[in-house]
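The values are calculated or read from the model by the stated rules, or taken from the named source; none is laboratory data. Remember, predicted model here, so these are calculated numbers, not experimental data. Cβ: placed from backbone, ideal geometry, glycine included. Neighbour counts: every protein chain shown. Heavy atoms of the whole protein, side chains included, go into the accessibility calculation; ligands, DNA and RNA do not. Shrake-Rupley method; radii C 1.70, N 1.55, O 1.52, S 1.80 Å.
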Amino acid sequence: MNKDVIYIEPEDDITDILANIKDAKNKIIALVPPKKAGVLQSAVNFKLIAKTATQYEKTVVLITSDNSLLALADKVKMPTAKTLQSKPKLPNSDSAEEFGDKDEEEPDDAISDDDAEEPEEEKEPIEESHHKKTEKASKKDDAKKAGAAVVAKKAKDVDLELDAEDVESDDDEKSSKKEKSDKKKSVKVPNFKKYRKFIILAVVLLVVFCGFGYWATAIAPRAKISVKVKTTAANFNQTVSFVTDETKSDPENGIFYVEKKETTKKASADFEATGQVDKGTKASGTITVTRPKGDSVSADDLNFSIPANTTVTIDGKQYIVTEGGSANATLADLETCGGTVFAPKVCLKKDISSGKIAVVAKEVGEGYNIAAATSGISLSVSTNKKYTVTSSAMTGGVSKIVKVVSPEDVEKANNELTGETDKEAREELTSQFSSEYILISNSFAVENSGFTTSPSVNQEVGDGVTPKIARETKYVIYAVKKDDINAYIRKVAEEKIKGDKTQMVYSTGIATEEGEEDKAFFESYKNENGNMTAKLKSTTKTGPRITEDMVKEVSLGVKIGKVQSNLRSYNGVTEANVETSYFWVTSVPNDDNKVEIEITVE
């Protein structure tokens with residue numbers, strides 16, 4: 001009867017056995033275990049085998065003489081046989097049905113009745129050889145058999161049983177020993193010198209093989225265990241402060257020591273002057289202020305003053321008094337002009353003149369050259385006194401437009417220069433911090449700056465002259481160590497899950513591997529009289545507690561398939577893979593120095 005034979009290897013697990021049963025082509029399957037089959041020491045695994053066989057309509061026969069395996073097979077009602085050629089025995093039954101061909105001769109690798117795990121030695125050919133050698137003395141053997149029969153009969157009379165074949169065996173053994181002794185006498189001693197090279201080569205190969213075996217089993221095996229955990233992301237946003245005195249820092253409470261970098265940049269550039277100024281002369285002349293005759297005055301109000309910088313408006317054009325003047329009266333210039341005896345009215349009895357008061361046009365140009373005027377002239381002096389103003393002709397006003405450096409020209413040139421130096425300074429300062437720091441970007445600032453121009457502002461730019469600007473600026477920037485930021489974020493995040501032993505913080509947003517981008521950064525930086533603050537923002541990730549120690553506990557010394565199964569059974573683990581150093585490594589080394597563990601988060 002056709003059957004499939006499945007030999008179980010020592011490194012096979014239950015999943016391998018079940019897969020082989022599913023893939024078998026015949027309905028009858030012989031399951032041959034090795035001497036030590038750890039996978040079959042479990043009653044659960046026997047149930048799985050029986051269940052799979054039933055599911056796929058197949059009969060599994062266990063080939064073994066191990067009493068412990070026979071007992072487990074009996075519990076799940078699995079047929080058993082001692083060898084592949086033996087008839088299988090059903091559980092709790094003395095009857096058996098044929099398993100294999102009745103007349104099929106037992107092969108060399110058949111499993112013996114006494115030990116299902118080891119092939120029986122080839123005894124039959126040796127016995128045949130022995131009988132052929134002793135065939136020549138057949139008559140002598142017959143005589144011996146007859147004698148053995150007599151002896152057996154006598155022994156029976158005295159209640160002793162003696163097997164004639166035992167007697168025969170003893171005689172045969174003596175005959176065999178004699179033949180071997182004769183052979184030894186005729187054996188020739190081999191010439192070992194002839195085979196010395198082969199012996200040396202064999203020894204070398206043996207040493208190499210043993211060395212390779214030791215390396216392959218004890219040194220070479222290494223494993224990398226990769227575990228992927230599903231986490232939950234959360235936004236982190238806290239206001240923190242900074243100090244420049246390291247002794248006052250307290251990272252876990254959000255007070256960070258900042259390191260300052262500074263640099264000074266000098267730059268210069270040419271720029272174009274677009275300003276225009278009229279460098280001509282201003283028109284000038286004089287005015288005369290007169291207090292008219294008959295003007296009512298009092299004894300304590302005789303003076304009329306025109307101070308310097310008084311504005312004089314003539315024909316709509318403004319002129320400025322360069323030196324003050326006055327129109328003063330005395331008591332001799334007064335007379336009674338009415339009133340009563342007790343309250344007489346006093347008036348000027350003549351005109352009182354201030355004399356000529358010098359004025360100059362407010363702006364340059366020919367437009368301020370005007371003729372003399374006797375009316376329509378007003379002063380910016382506020383008074384209730386009566387007066388009249390006359391002016392001389394205003395002359396000397398000339399226009400001369402020249403190019404000058406305007407304030408707008410300087411501002412534009414300074415801004416262009418600032419943009420270039422700011423960029424260079426930021427790059428230079430940033431490069432001074434290693435990857436162990438996180439910059440406070442908004443802290444980049446100009447600590448002090450100054451510039452000069454040639455020609456200066458509002459100065460005339462001569463023909464062929466190109467204006468220049470020179471600028472010197474000191475820049476500063478601050479940064480904080482990543483370790484301090486990481487400690488603070490982790491403390492705050494762990495406080496939020498405090499008490500939940502099944503959760504842990506996997507990421508604070510601080511990069512831990514090369515090429516990884518930091519999620520933590522500072523914004524809204526302020527420096528108010530040395531009191532520096534900012535908002536620290538990041539993205540944290542929390543998830544189920546899976547540590548390297550937990551992974552090692554279920555992995556060291558365990559077969560790869562079982563390691564992956566164990567790890568995937570943890571809640572939150574979405575993926576678990578084991579990579580070994582060589583294809584023959586089927587288990588994770590028991591030395592944690594040879595095991596690399598990588599826990600990544602989604």
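Here the stretch 194-246 is the region considered, the condition is being among the small types (G, A, S) and touching a Ser or Thr at 6+ places or on another chain (Cβ under 8 Å), and the residue that is surrounded by the fewest Cβ atoms within 10 Å (Cβ to Cβ) is A234. If you check K403, K385 for being of a type in the set (K, R) and either in a loop (DSSP other than H, G, I, E, B) or exposed (fewer than 13 other Cβ atoms within 10 Å of the Cβ) (or both), only one passes: K385.
Looking only at residues that are closer than 15 Å to I14 by Cα and among the hydroxyl-bearing types (S, T, Y) in the stretch 35-83, which one is most open to solvent (accessible area, probe 1.4 Å)? Out of the qualifying residues, it is S42. Just for the stretch 334-345: of the residues that are open to solvent by 40 Å² or more (accessible area, probe 1.4 Å) and part of a strand (DSSP E or B), which one is modelled with the lowest pLDDT? Selected residue: G339.
Can you tell me how many residues in the stretch 13-41 are assigned to a loop (DSSP other than H, G, I, E, B) and either over 20 Å from L70 (Cα atoms) or free of Cβ contacts under 8 Å to residues at least 24 places away in the same chain (or both)?
So in the stretch 13-41, the residues assigned to a loop (DSSP other than H, G, I, E, B) come out as 13, 24-27, 33-37, 41.
Then keep just the ones that are either over 20 Å from L70 (Cα atoms) or free of Cβ contacts under 8 Å to residues at least 24 places away in the same chain (or both); that gives 24-27.
Of the residues in the stretch 13-41, 4 are assigned to a loop (DSSP other than H, G, I, E, B) and either over 20 Å from L70 (Cα atoms) or free of Cβ contacts under 8 Å to residues at least 24 places away in the same chain (or both).
How many of the residues in the stretch 212-229 are part of a strand (DSSP E or B) and β-branched (V, I, T)? It would help to see each step written out before you state the result.
Filtering the stretch 212-229 down to residues part of a strand (DSSP E or B) leaves 223-229.
Filter again for β-branched (V, I, T), leaving 225, 227, 229.
Qualifying residue count for the region: 3.
Every residue, every condition in (1) touching a residue at least 40 places away in the same chain (Cβ under 8 Å); (2) open to solvent by 70 Å² or more (accessible area, probe 1.4 Å), yes or no:
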{"site": "V312", "(1), (2)": "yes, no"}
{"site": "D315", "(1), (2)": "yes, yes"}
{"site": "G324", "(1), (2)": "no, no"}
{"site": "C347", "(1), (2)": "yes, no"}
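Here the stretch 458-490 is the region considered, the condition is being open to solvent by 60 Å² or more (accessible area, probe 1.4 Å) and in contact (Cβ under 8 Å) with a residue 24 or more places away in the chain, and the residue that is farthest from the chain's Cα centre (by Cα) is E460.
Quick check on my filter: what residues within the stretch 536-549 are open to solvent by 80 Å² or more (accessible area, probe 1.4 Å) and either free of Cβ contacts under 8 Å to residues at least 40 places away in the same chain or part of a strand (DSSP E or B) (or both)? If you could, list the steps in order and put the result at the bottom.
Just the residues of the stretch 536-549 that are open to solvent by 80 Å² or more (accessible area, probe 1.4 Å), to begin with: 545, 548-549.
Listed by number, the list holds a single entry, D549.
Candidates are the residues of the stretch 550-602 that are modelled with pLDDT of 85 or more, polar (S, T, N, Q) and within 24 Å of the chain's Cα centre (by Cα); the one that is most open to solvent (accessible area, probe 1.4 Å) is T574.
Give the residue that is surrounded by the fewest Cβ atoms within 10 Å (Cβ to Cβ), with candidates limited to residues of the stretch 512-529 that are touching a residue at least 60 places away in the same chain (Cβ under 8 Å) and not in a strand (DSSP E or B).
To start, the set of residues in the stretch 512-529 that are touching a residue at least 60 places away in the same chain (Cβ under 8 Å) comprises 518, 520-525, 527.
Among the residues that remain, those that are also not in a strand (DSSP E or B) are: 518, 520.
Numbers: D518: 15, A520: 21.
Filtering the stretch 512-529 for residues that are touching a residue at least 60 places away in the same chain (Cβ under 8 Å) and not in a strand (DSSP E or B), the one surrounded by the fewest Cβ atoms within 10 Å (Cβ to Cβ) comes out as D518.
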